[in-house]
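Everything on this sheet refers to the single structure shown next.
The values are calculated or read from the model by the stated rules, or taken from the named source; none is laboratory data. Just so it is clear, the model here is predicted, and its values are computed rather than measured. Cβ atoms come from the backbone with ideal geometry, glycine included; neighbour counts cover every protein chain shown.
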Amino acid sequence: SQKIEQNSEALNIQEGKTATLTCNYTNYSPAYLQWYRQDPGRGPVFLLLIRENEKEKRKERLKVTFDTTLKQSLFHITASQPADSATYLCALVGVTGGGNKLTFGTGTQLKVEL
Amino acid sequence: DTGVSQDPRHKITKRGQNVTFRCDPISEHNRLYWYRQTLGQGPEFLTYFQNEAQLEKSRLLSDRFSAERPKGSFSTLEIQRTEQGDSAMYLCASSSLGQGLTEAFFGQGTRLTVV
C-alpha cells in the first residue's frame with residue numbers, strides 16, 4: 001500500500017541553525033510534491049511545490065529537494081527562527097491526477113529554541 | 001476575499017446526532033476538497049468537487065457521510081448518526097483549475113467532538 005513517512009519525533013534545533021526535515025514514500029509515483037506548514041488548531045498553509053522533473057526549489061530561507069530514485073524529499077529551513085516552530089507536512093499528488101488531491105504524511109513537529 | 005471560510009469552528013454533538021458543516025471557498029476557485037485530520041496525523045482526503053460535480057470520494061467516506069456543492073460555490077459536509085470515531089478536524093480546501101498545478105488553500109477547519 002502507499003506510504004508516506006516523515007520523522008515521527010519532534011525536531012528541536014537552536015535558532016540560527018538549519019532544520020532538515022525528511023519525507024520518504026513507497027508504492028507511489030507522484031507527479032509533484034508539496035510542503036505545508038500547520039500551526040496548532042489551524043489549517044495547513046502552502047509553502048513550496050516541486051515537480052518530479054525538478055531536483056531543487058528555493059524560496060527565501062526554504063529549500064526543497066526531490067529525488068524520485070530514492071523516493072525522498074528533503075525540506076530545509078536555513079537561519080531558523082523561533083517563529084518557524086510548527087508542524088511541517090509533505091503531500092504528494094499522483095501521476096494519474098485525481099483532481100490534484102493531496103496525500104499527506106503524518107507531519108514533523110519542529111521546535112526552534114533561542 | 002479573505003480565504004477559505006469554514007463554519008462552525010467547533011462542534012460538540014452527542015453520539016447518534018446529525019451534524020452539518022459549511023465551507024465557503026475562495027470565490028474564483030472551481031475545485032473544492034474535504035479532508036479529515038485526527039491528532040498526530042496528516043489530513044486524509046475525503047472527497048472533491050470540480051464546480052458542482054463530485055468527482056471522487058474516498059473509501060473513508062462511509063454512507064453516513066454526504067457532501068454537496070449545489071451551485072459550484074459553497075459546500076456542505078453532513079455526517080449522519082455520528083459515532084465517537086468521527087471526532088476529528090474537518091478541513092476544507094480550494095484550488096483553481098485554471099492555473100494548472102497549484103497549491104491548495106485550506107480553511108481553519110471545523111473541530112468535531114462526538115460525546
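Some points to look at:
- Only listed residue being at pLDDT 95 or above and surrounded by 15 or more Cβ atoms within 10 Å (Cβ to Cβ), chosen from A:Leu89, A:Leu33: A:Leu89
- Matching entry among A:Leu49, A:Leu102, A:Leu70 (being facing chain B (nearest Cβ under 8 Å), over 10 Å from the mean Cα position of the chain (by Cα) and of a type in the set (A, V, I, L, M, F, W, C)): A:Leu102
- Count of residues meeting criterion [farther than 17 Å from B:Ala88 by Cα and surrounded by fewer than 16 Cβ atoms within 10 Å (Cβ to Cβ)] in segment B:60-69: 2
- Within segment B:70-111, tally of residues that are more than 9 Å from every other protein chain (Cβ to nearest Cβ), surrounded by 21 or more Cβ atoms within 10 Å (Cβ to Cβ) and within 24 Å of A:Phe46 (Cα to Cα): 5
- For segment B:3-28, the set of residues classified as away from chain A (no Cβ under 13 Å) and either in contact with a helix residue (DSSP H, G or I) (Cβ under 7 Å, 6 or more places away or on another chain) or under 21 Å from A:Pro44 (Cβ atoms) (or both) consists of B:Asp7, B:Pro8, B:Lys11, B:Arg15, B:Phe21, B:Arg22, B:Asp24, B:Ser27, B:Glu28, listed by residue number.
- Within this structure, B:Glu44 passes the test of being surrounded by 14 or more Cβ atoms within 10 Å (Cβ to Cβ), closer than 22 Å to A:Thr87 by Cβ and within 11 Å of chain A (Cβ to nearest Cβ).
- Checking each residue in segment B:50-103 for being of a type in the set (Asp, Glu) and either out of contact with any strand residue (DSSP E or B) (no Cβ under 8 Å at 6 or more places or on another chain) or without any contact (Cβ under 8 Å) to a residue 60 or more places away in the chain (or both) picks out B:Glu52, B:Glu56, B:Asp63, B:Glu68, B:Asp86, B:Glu103.
- Within segment A:30-67, being in contact with a Lys or Arg (Cβ under 9 Å, 6 or more places away or on another chain) and of a type in the set (Ser, Thr, Tyr) holds for A:Tyr32, A:Thr65.
- Hits in segment B:56-69 (condition: within 14 Å of another protein chain (Cβ to nearest Cβ) and more than 14 Å from the chain's Cα centre (by Cα)): B:Arg59
- Total residues in segment A:40-60, condition surrounded by fewer than 14 Cβ atoms within 10 Å (Cβ to Cβ) and either among the aliphatic types (A, V, I, L, M) or touching an Asp or Glu at 6+ places or on another chain (Cβ under 8 Å) (or both): 1
- Tally of residues being surrounded by 15 or more Cβ atoms within 10 Å (Cβ to Cβ) and under 18 Å from A:Gly43 (Cα atoms) across segment A:61-86: 3
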